[in-house]
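> My questions will all concern the structure given below.
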Amino acid sequence: MPKIIVAIDGYSSCGKSTTAKLVAKQLNYPYIDTGAMYRAVTLHFIQNHISLTNQKEIETALNNIQITFRRHGEKGRNDTFLNGLNVEDEIRKMYVSERVSDVSAIADVRHALVAQQQRMGRTKGIVMDGRDIGTVVFPEAELKIFMTADPLIRAQRRQIELMEKGEIIGIEEISENLKTRDYIDTHRAESPLRQAEDAIYIDNSMMTLDEQVELVVRLADKQIALAHRRKKEQAQHG
Ligand code: DC
């Protein structure tokens, strides 16, 4: 069967990554969490005191960053590595969340990461989630999803996620962080978050995780079948 690109975009903490990871597992495709890439760059910038207004410093720092992923474990846990070091837990912490939207609004940062993401999807057969996957990284993706959920539900989900990692944060602080990130992500000059014209809109506020995964897999299967049919027709017509 031909391979397709599944692009999942949407707001922070709307369940994109959890859904994307499980969809990738079912399709037997690799999963790329592009938010984790922006978070890893942010962590590097924080640790190395990179000034967000000094272009030279940013360029040098970007040349010294290598981000990789490793999947392991029963649940298909996907860990992010920054220059060979597992930073999966660190990049999810609040101090990184507070800075990541500013770092990801920098044009040089976006160009470097988008180029790497496009290399990762060169041979298709990939599930990628983020903010600009269907609009900038893979505008030709066969399946584009734009996912959202009610802001309070998103904040509650994020609070549980942080709690599981040992960080106890109040719902107001989380809501404020999500609101600020939504604003920066949708208003930045460089590839802001927006729904691609051909993306399918899914509000998952009232859906279970299983229902979301099933829906996206069903849509992906449809696109795979369509690509298969097109390929056969092309072969028949020379
Ligand atoms: O998906 P996330 O919340 O882990 O993403 C962290 C931040 O990274 C988010 O606030 C915006 C940014 N981001 C982006 O600008 N473009 C992407 N493709 C993915 C994430």
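> Tell me the Kirkwood hydrodynamic radius of the range 136-238 in angstroms, computed as one over the mean inverse distance between distinct C-alpha pairs.
16.7 Å is the Kirkwood radius here.
> Let me check against my output: what whole-number percent is the relative contact order of the chain, with C-alpha pairs under 8 Å and at least 6 apart?
The value is 34 percent.
> For the chain, what does -39500 (n - 2.57) per DSSP helix run (n ≥ 4), summed and divided by total residues, give at 222 nm, in deg cm²/dmol to the nearest 500?
Taken over the chain, the calculation gives -16500 deg cm²/dmol.
> Also, quick follow-up: Projecting each Cα onto the charge dipole of the range 52-171 (Lys/Arg +1, Asp/Glu -1 at the beta carbon, about the Cα centre), which of Val100, Ala61, Val136 comes out farthest on the positive side?
Going by the Cα projections, it comes out as Val136.
> If packing is taken as the mean number of other Cβ atoms within 10 Å per residue, what is the order of 120-131, 32-43, highest first?
Per-residue Cβ counts within 10 Å, averaged per peptide and sorted highest first, yield 32-43, 120-131.
> How many nm is it between the label spots at Arg70 and Ala107, if each spot is 7 Å from the Cα in line with the beta carbon?
Inter-label distance under the simple model: 3.7 nm.
> Local charge sum around Glu161 (other residues, Cβ-Cβ under 12 Å, Lys/Arg +1, Asp/Glu -1)?
+3
> Same structure, new question: Restricting to Cα pairs below 8 Å that are 6+ residues apart, what does the relative contact order work out to for the range 134-238? Please round to a whole percent.
RCO, the range 134-238: 38 percent.
> Rounded to the nearest 0.05, what FRET efficiency is calculated for Ala115 and Glu172 with R0 set to 41 Å and r the Cβ-Cβ distance?
FRET efficiency, Ala115 to Glu172: 0.60.
> If you line up the long axis of helix 34-47 against the longest principal axis of the chain, both from Cα atoms, how many degrees apart are they, to the nearest 10?
20
> Another one. For the chain, give the share of DSSP beta bridges that are antiparallel, in percent and rounded to the nearest 5; count only bridges with both residues there.
30
> What translational diffusion coefficient, to the nearest whole µm²/s, does the chain have by Stokes-Einstein, given a Kirkwood radius computed over alpha-carbon pairs, a temperature of 10 °C and 1.306 mPa s viscosity?
Value of D from the Cα-based Kirkwood radius: 86 µm²/s.
> Compute the acute angle (0 to 90°) between the alpha-carbon long axis of helix 16-27 and the principal axis of greatest extent of the alpha-carbon atoms of the chain; round to the nearest 10°.
Roughly 40 degrees, rounded to the nearest 10.
> What is the set of long-range amide H partners of Gly125 at a cut-off below 5 Å, with H atoms built 1.01 Å from backbone N?
Excluding prolines and chain starts, which carry no amide H, the hits are Ile4, Ile5.
> Right, something else. Please determine, in degrees from 0 to 90 and to the nearest 10, the orientation of helix 107-120 with respect to the longest principal axis defined by the Cα atoms of the chain, where the helix direction is its Cα long axis.
Compared with the principal axis, the helix lies near 40 degrees.
Laboratory data are not the source of any read-out in this text; all were calculated from the coordinates shown. Everything numeric here is computed off the predicted structure, so don't read it as measured data. Cβ: placed from backbone, ideal geometry, glycine included. Neighbour counts: every protein chain shown.
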